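Report on the following structure.
FYI, it's all coordinate maths here, none of it is from the lab. Remember, predicted model here, so these are calculated numbers, not experimental data. For neighbour counting, all protein chains shown are included, and Cβ atoms are generated from backbone atoms with ideal geometry for every residue, glycine included.
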Amino acid sequence: MISWFRQLDEVLRGDKTRLANLEGGKIDVNARGLSVVLIVLGVVYGVCMGSFALLRDTGPEFQQLLATSIKVPCLFLLTLMITFPSLYVFNALIGSRLLMNSVFRLLIASIGVTLAMLAAFGPIVAFFSVSTTSYRFMVLLNVIFFAISGLLGLKFLLQTL
């Protein structure tokens, strides 16, 4: 499992998406291993996001913590499954030479960038969960972090294509 996290680190540093690696139409990423890492990172952010529910005045809501822990990784993986066909067609239309399997690996890698950013923002969300009682503020904070992470993941995807 450590090698899968190392592989995500190589994606973040750009080692896996260098031009020499992409010219052959392939991306050297273990999609299964990286998918496990994505699930773990999604659960980590989900726990941080759900920690606000544990600290309510009315008592802890463990069901909310469980729901967010499941919801975040499912959001990304189900979105990938639903949108992959159209993303592959767009990829072909812009003239990319990546094969279908490579496009899938690239999309997994871009989701990895997104979830790595979200997981990095997790401790900040947990800190504010302890510091505030404002639900609206927490929603806004999570929206901002999702937007920043999504934009960075999209930037990675577009740069690689």
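Once you charge only the Cβ atoms, +1 for Lys and Arg and -1 for Asp and Glu, what is the size of the charge dipole of segment 27-131 about its Cα centre, to the nearest 20 debye?
260
Return the label of the correct value of Cα Rg over 2.2 N^0.38 Å, as calculated from the structure shown, out of [x] 1.13; [y] 1.82; [z] 0.96.
[x]
So what J values fall out for segment 145-161 if you push phi through Karplus, 6.51 cos²θ - 1.76 cosθ + 1.60 with θ = phi - 60°, rounded to Hz, Gly and Pro as x?
Per-residue couplings from phi come out as 5, 5, 5, 4, 5, x, 5, 5, x, 5, 4, 4, 4, 5, 5, 6, 5 Hz.
Can you check what the net charge comes to around Asn142, using other residues whose Cβ is under 13 Å from the Cβ of Asn142 (Lys, Arg +1; Asp, Glu -1)? List each step's numbers first, then the result.
Details: positive: Lys71, Arg136; negative: none.
Cβ neighbours under 13 Å give a net charge of +2.
By the gyration tensor of its Cα atoms, with a ≥ b ≥ c the square roots of the eigenvalues, what is the shape of segment 87-161: rounded for a/c under 1.5, prolate for a/b over b/c, or oblate?
Verdict is prolate for segment 87-161.
If exposed means no more than 16 neighbouring beta carbons inside 10 Å and the site is in a DSSP loop, what's the longest run of the chain without any exposed trypsin sites (Lys or Arg not before Pro)?
Of all site-free stretches, the longest is 98-161.
Show that you can apply the helix-only estimate: for the chain, add -39,500 (n - 2.57) for every DSSP H stretch of four or more residues, divide by all residues, and state [θ] at 222 nm to the nearest 500.
Calculated from helices alone, the mean residue ellipticity at 222 nm is -28000 deg cm²/dmol.
Which ³J(HN,Hα) values in Hz, rounded to whole numbers, follow from the phi angles of segment 98-104 under the Karplus curve 6.51 cos²θ - 1.76 cosθ + 1.60, where θ = phi - 60° and Gly and Pro get x?
5, 6, 4, 5, 5, 4, 4
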